[in-house]
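Okay, structure first, notes after.
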Amino acid sequence: MTDNRLPHEKGFHISWDQIHRDSRALAWRLDGQGPDDGAWRAVVAITRGGMAPAMIAARELDIRTVDTISVKSYDHQDQAEAMVLKSPDKELMGDGTGILIIDDLVDSGKTLELVRKMYPKAHFATVYAKPKGRPQVDTFITEVSQDTWIFFPWDMALQYVEPYRGKD
Ligand SMILES: O=P(O)(O)OC[C@H]1O[C@H](OP(=O)(O)OP(=O)(O)O)[C@H](O)[C@@H]1O
Ligand code: HPA
Ligand SMILES: [Mg+2]
């Protein structure tokens, strides 16, 4: 039988606890992987989705220098042209050497492609990755199929659901 569900109907729902554990796992994987002495100079979060994973990773890796790059590429679930709305500190970034750039996920890869062009020597890490975007990411934790929409805890709320037997 073919699965005709739209991506948002085939959802992968992630709790706060899950994103915390997966972001920690990402940090541990990146520990000691920076250039030269293994240290990272700074963490840069791709806003807004990258901010929670970046905060968790910066805490795990004891990195106090944290900046942001604001990229907008989606209006809800509709993809548009990726655009940089705010750049991180120029002096801090250089060509990206020793900088850990973190996002919550890579989907088509458009967002990371744009940021990579700006900082070709940076290390790109996401918590989740879909197959199309994988070439753009250096380190990730969990792969999710291309036709699955990932729902993050900051976009959800706990709510009542009907018992299975109560549904028509
Ligand atoms: O690999 P791509 O196809 O480019 O998609 C991935 C990007 O899309 C989402 O951000 P979005 O632009 O929706 O903004 P947000 O983080 O502020 O929610 C997500 O947080 C990634 O940054
Ligand atoms: O699967 C997704 N979930 C949330 N935001 C996204 N932005 C691109 N793909 C996704
Ligand atoms: Mg984002």
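No lab work stands behind these numbers, since they all come straight from the coordinates. On a predicted model such as this, the values are computed, not experimentally measured, just so you know. Methodologically, a virtual Cβ is constructed for each residue, glycine included, from the backbone with ideal geometry; neighbour enumeration extends over all protein chains shown.
Close amide-amide hydrogen proximity is noted between I150 and F12, each under 5 Å apart and 5 or more residues distant or on a separate chain (H modeled in the peptide plane; Pro and chain starts excluded). For segment 54-70, the Karplus equation 6.51 cos²θ - 1.76 cosθ + 1.60, evaluated at θ = phi - 60°, returns couplings of 5, 4, 5, 5, 4, 5, 4, 8, 6, 9, 9, 8, 10, 10, 9, 10, 9 Hz by residue, with Gly and Pro reported as x. Spatially close Lys pairs in segment 19-145, defined by Cα atoms under 25 Å apart and a spacing of eight or more places or different chains, total 20. In segment 19-145, what % of DSSP beta bridges are antiparallel (nearest 5)? Just about 20 percent of them are antiparallel. For the peptides 50-62, 93-105, 13-25, the ranking by mean Cβ contacts within 10 Å, running from highest to lowest, is 93-105, 50-62, 13-25. Modelled this way, with points 7 Å down the Cα-to-C-beta line, the labels at R21 and S108 are 3.3 nm from one another. Relative to the dominant Cα principal axis of the chain, helix 16-30 is inclined by about 30°.
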